[in-house]
Every structure is written in structure tokens, then in C-alpha cells.
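**Q** Next up is a structure, given as C-alpha cells.
The values are calculated or read from the model by the stated rules, or taken from the named source; none is laboratory data. Just so you know, these numbers come straight off a predicted model, no measurement behind them. Counting neighbours? That spans all protein chains shown, and the Cβs are built from the backbone with ideal geometry, glycine included. Quick note on the areas: whole protein, heavy atoms, side chains included, nothing else; ligands and nucleic acids left out. Shrake-Rupley method; radii C 1.70, N 1.55, O 1.52, S 1.80 Å.
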Amino acid sequence: MTSDPEHTTTAVMRSLPKPEAILRDTDWASLEHLWGPAGDVPASLSALRGTDPVVHARVMDKDLDCLRHSNGVSPATVPAALFIAAILPEPSTEVEGTYYSWESPVGGERRSLLRVELLEWLASLVYDTDDELYAKLLRRGEVSPEIEAVRALRPLFFQAVAPFLDDAKQAVRHAALMAAIFLSEHPDLANQRSDLAIRARDLLATCERPRYYRLCAIDGLKAWGEPYEDLMRPTDVRPPRPTEQDGSPWGDAVSIGDQHSGCRDDPPF
């Protein structure tokens, strides 16, 4: 794997590399994250393969801020995203821990599986490179190679996420669905939308929180021309997305971008 994020978008990449290969073959020292050289990233990613929930929470809530702070996308974010997608099936991701959450009613924390946190991290990344923001950045001449790379990798990320749409745990299923809805914007995944629409309606019928799950499901159904009004609740209405990477895209609900980007100086609502 080279240090060029565009290299990861080549058509020959039809399956995810092994996690250890991503760590070994990426020239991390030549990459930058949002705060500087990315040489510290491999150790943080490797820690996610352990079984200590305290370490998992530190990595997800603090150490990886350098990859997604203020919803940014850096050159090092691309191989890190591939690594996160590659470890989704591993036993370490079934460990439950205590993670930061804007939506938790007590103490700003929630109990969650690492697998759920990783799926939400991927969903956040894909949301922050979606078609709407991409069009705005394109008009302004501000599309970076790493944004292009993330967008090109959406079918590969979908392959990693799809097995968890039928997970035995509802929290995992719903987190996977949110990621899959965002990923399905890619034209190669258009044939997945009818199945995702059925799942989105089921989520709206059974899930109250996190609220951003419901808003994601509604947005997906709306975009696909599928019915959703019969399942809406008064709290499901939000104002239009303000500007790219500026403010909460969910109105007074937390954005998944803020949930995992490290942008936590003030509540995003």
C-alpha cells in the first residue's frame, strides 16, 4: 500500500486487505493526519484489536480525533478507515465499553459495543464525503484526493458492513444500517436500496434512540421515494443541512460526525 490515498481507489482492490497488511504496508510516516505526521496512528489502531474496553474507549474517543476532528478527512484517514472496516468481524469488537455520547441522558456516556462504535465511525466518514457535500466542494474547487478515495471505496466498505445488517444484536444491526444507507449513495450500490428501505422502515417502527439513526432512515427513504410519513414522530423533523461540515446536520440531535470526530468543545445542538 502506498502513501498516496488515491492508490487505494484502484479497481484491483476487490476485497479488504488484512488488518496487519494495512498496518505493515502503509507508509504512515509519510502521511499526515489533521494535526501532523501520522506515525502515531498504527499504535492506536492496533489497540482496537485488544480486549480492554477502557483502551477501546480511549482510542475511539480521543486517540483517533486526529483523523476526524471537526469532521475533517486527512490522508491518514483513508488507510485507517480500511483498517477499521477490516477488523469489524474480529472478536475484540464484541467487547462492551463506556463511550462518549451527546445523546446519553446521564453523564454524556453510553454503554456500547466496540463494533457499534466502529460502524458509526465509518458512517460518519461516509456522511462527511456524501454527494451533497461533494458537489459543494467541487464547485469551490476544494475536493481533496482523500475525499475522492473515501468515495471510491464505498462499495468495498459496504462489503464489510453488510454482514452486520442481520446481526443478532439490534444495536449492531441499526449501526450497520445507518452506514449502509450512506454508502448506498454510490451508483454501484443502487440495487441494495430496496432491501435497505425495508430495514429502514423496520428501524423507524422499533427504534427510538439514537435519534440520528431515525433521521438517517428517514433521509434514505425520502431519497429513494419510499414511504416513511406513517412512521414519523414529532421529534423526527429537523431543519435543512446548514453548510458543509458546519454545525449539526441533524438539527437539535447530535450528528454522527460530531459523535466520532472529536469536535466536542460545545454540544452540537
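**Q** Would you please list the contacts, defined by Cβ atoms under 9 Å and residues six or more apart or on different chains, that run from a residue in region 226-240 that is of a type in the set (D, E) to a residue that is open to solvent by 70 Å² or more (accessible area, probe 1.4 Å) and at pLDDT below 85?
**A** From region 226-240, no pairs qualify.
**Q** Is it the case, given these coordinates, that V161 is within 20 Å of L215 (Cα to Cα) and either under 14 Å from the mean Cα position of the chain (by Cα) or modelled with pLDDT under 95 (or both)?
**A** When the stated conditions are applied, V161 passes them.
**Q** Working only within region 44-70, note down all residues that are in a helix (DSSP H, G or I) and open to solvent by less than 10 Å² (accessible area, probe 1.4 Å).
**A** L45, H56, V59, M60, C66, L67, R68
**Q** If I ask for residues that are under 23 Å from R14 (Cα atoms) and of a type in the set (S, T, Y), which ones from region 126-143 would you list?
**A** Y127, T129, listed by residue number.
**Q** Please name all residue pairs, on different chains or six or more residues apart, with Cβ atoms under 9 Å, provided the first residue is in region 18-44 and is among the hydrophobic types (A, V, I, L, M, F, W, C) and the second residue is open to solvent by 80 Å² or more (accessible area, probe 1.4 Å).
**A** Close Cβ pairs satisfying both conditions: W28/P37; W28/D40; A29/P37; L31/P37; A38/A29; A38/E32.
**Q** Anything in region 159-185 that is over 15 Å from V116 (Cα atoms) and either buried (at least 20 other Cβ atoms within 10 Å of the Cβ) or among the hydrophobic types (A, V, I, L, M, F, W, C) (or both)? List them, or say none.
**A** I181, F182, L183, S184, E185
**Q** Restrict the check to region 105-112 and report whether at least one residue is open to solvent by less than 30 Å² (accessible area, probe 1.4 Å), in contact with a Lys or Arg (Cβ under 8 Å, 6 or more places away or on another chain) and either within 19 Å of R214 (Cα to Cα) or modelled with pLDDT of 95 or more (or both).
**A** no
**Q** While we're looking at this one, here's another question. Looking at this structure, is C263 of a type outside the set (D, E), farther than 21 Å from D128 by Cα, open to solvent by less than 50 Å² (accessible area, probe 1.4 Å) and at pLDDT below 90?
**A** no
**Q** Follow-up. What number goes with the only condition from (1) of a type outside the set (G, A, S); (2) touching an Asp or Glu at 6+ places or on another chain (Cβ under 7 Å); (3) without any contact (Cβ under 8 Å) to a residue 12 or more places away in the chain that T98 does not pass?
**A** All conditions are met except number (3).
**Q** Consider region 12-38. How many of its residues are open to solvent by 50 Å² or more (accessible area, probe 1.4 Å) and either over 18 Å from A85 (Cα atoms) or at pLDDT 95 or above (or both)?
**A** The qualifying residues number 11.
**Q** Any idea which of V126, V73, V116 is in contact (Cβ under 8 Å) with a residue 60 or more places away in the chain, surrounded by 21 or more Cβ atoms within 10 Å (Cβ to Cβ) and either among the hydroxyl-bearing types (S, T, Y) or under 30 Å from D166 (Cα atoms) (or both)?
**A** None of the others qualify; the one that does is V73.
**Q** Still on this model: Could you pull out the residue among L189, L221 that is at pLDDT 95 or above, within 15 Å of Q159 (Cα to Cα) and open to solvent by less than 70 Å² (accessible area, probe 1.4 Å)?
**A** One residue alone meets the criteria, L189.
**Q** Further question: Under 6 Å between Cβ atoms, which residue pairs at least 6 apart in sequence (or on different chains) link something in region 205-220 that is more than 19 Å from Y127 (Cα to Cα) with a partner that is open to solvent by 20 Å² or more (accessible area, probe 1.4 Å)?
**A** Hits for this filter: A205/L231.
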